Amino acid sequence: MIPATEAIERFAADLEVLAPAGTLIGVAVSGGPDSLALLLLAAKARPGEVEAATVDHGLRPESAAEAAMVADLCETLGVPHRILVADWIRSPTSNIQAEARAMRYRLLNDWAIERGLSAVATAHHADDQAETLLMRLARGAGVGGLGGAKVRRALSEDVMLMRPLLGWRKAELAAVVESAGIEAVDDPANRDPKHDRSRIRAWLESSDWADPVRLAASASALRDADEALDWALASLVNSRIRHDGDTLIIEPFDLPRELKRRLLLAAFAELGAAAPRGPDLMRAMDAMEEGAAVTLSGLKLEGGSQWRLSLAPPRRV
């Protein structure tokens, strides 16, 4: 039940970049091949510094037994384990994957805080990055949406979420589990064609030219570009946005369109307005660049050489 030395050393090097030795780490383990590989590698790379948790979403009849299987494996490995049972007020009937993800991260964060863990690791890998990139391309996402998952981000003020396997292929992780002689959970939802990700995954597996590693590299480059744009935005907010009473004035001249868009979103946030949907914002920008005035997310937007944003007057009933 011990992964190959080369795999352990590779994982240890990847993990060291994100969490130095001595950091108490939680790993999220569903029982699927990806997360089982994460568990096996982490247990050997960081003995005594790893705990595991399995979220039982209660959305499939098999979920309780799968969580118990992971608990048994963790006992064999000497890794403390907790089953986190979803506390739905009402089980989701639409957008199930997104609802389950939000529940999972909330439970994992609470568990990590309770256990004094500095970080929680998930098993997202290069194939996941490629799938996400293709899904968002199909939806017309901009630079910010195409960057894929970050290798590390804050789960809360107290807990870091990290993804040490983003440089690994799904097949490599499956090989780790297979070599350990463990039978992973097979979640049929991963193949359900009603989910966009499942259809894209099937297409990638059958494609003889789309390379997930190269797609993941493109997603990483786009993430870097997004962060560079945010860096540029930070100085522009101070020099290109000013208050005139209750009105915010943006000076958009000579700026690339993407930076205009980000300045506009910063102004929405400054005025306490909800960020509009991407297509709605782009239509508003088109109108403002023509000098027109529009209303969006409760704000009045006036175009021209200067863009003026203020609270829209209440609608007459």
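Since every read-out is calculated from the coordinates, none of them should be taken as a lab result. Everything numeric here is computed off the predicted structure, so don't read it as measured data. So basically every Cβ, Gly included, is an ideal-geometry build from the backbone, and we count neighbours across all protein chains shown.
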(Q) To make sure I understand the rule: partners must be lysines, Cα under 29 Å from the Cα of residue 300, and not fewer than 8 residues away in the same chain. Which ones qualify? (A) 260
Q) If we sort 40-48, 89-97, 282-290 on the protection proxy, mean other Cβ atoms within 10 Å, highest first, what's the order? A) 40-48, 282-290, 89-97
Q) How do 14, 72 line up, fewest other C-beta atoms within 10 Å first? A) 72, 14
**Q.** Debye intensity ratio I(q)/I(0), log10, segment 245-309, q values 0.13, 0.20, 0.21 Å⁻¹ (C-alpha model)
**A.** -0.28, -0.70, -0.78
Q) Any idea what the dipole of segment 5-218 comes to, in debye rounded to 20, about its Cα centre with Lys/Arg Cβ at +1 and Asp/Glu Cβ at -1? A) 800
Q.
To test your reading of the geometry: what angle, between 0 and 90 degrees and rounded to tens, separates the Cα axis of helix 170-179 from the longest principal axis of the chain?
A. 20
(Q) Can you tell me the orientation of helix 33-45 relative to the chain, as the angle in degrees between its alpha-carbon axis and the longest Cα principal axis, to the nearest 10? (A) 70
Q | Net length gained if the chain between residue 239 and residue 94 were fully extended (0.36 nm per residue, minus Cα distance) | A | 47.8 nm
Q) To the nearest 10 degrees, how steep is helix 212-240 against the longest Cα principal axis of the chain, on a 0 to 90 scale? A) 40
Q. Straight-line reach from residue 194: which lysines have Cα under 30 Å away, leaving out those fewer than 8 places along the same chain?
A. 150, 170
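Counting chymotrypsin sites (Phe, Trp or Tyr not before Pro) as exposed when in a DSSP loop with at most 14 other beta carbons within 10 Å, what is the longest stretch of the chain free of them?
Numbers: sites that count: 88, 209, 253.
With chymotrypsin sites (Phe, Trp or Tyr not before Pro) excluded where exposed in loops, the chain gives 89-208 as its longest stretch.
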Q.
Taking every DSSP beta bridge with both residues inside the chain, roughly what % is antiparallel (nearest 5)?
A. 55
**Q.** Translational diffusion of the chain, µm² s⁻¹ [Kirkwood Rh, Cα pairs; Stokes-Einstein; 37 °C; 0.692 mPa s]
**A.** 148
Q. How high is the relative contact order of the chain, in percent, with contacts defined as C-alpha pairs under 8 Å that are six or more residues apart?
A. 15
Q | Loop trypsin sites (Lys or Arg not before Pro), segment 157-196, which have at most 12 other Cβ atoms in a 10 Å radius of their Cβ (DSSP) | A | 194
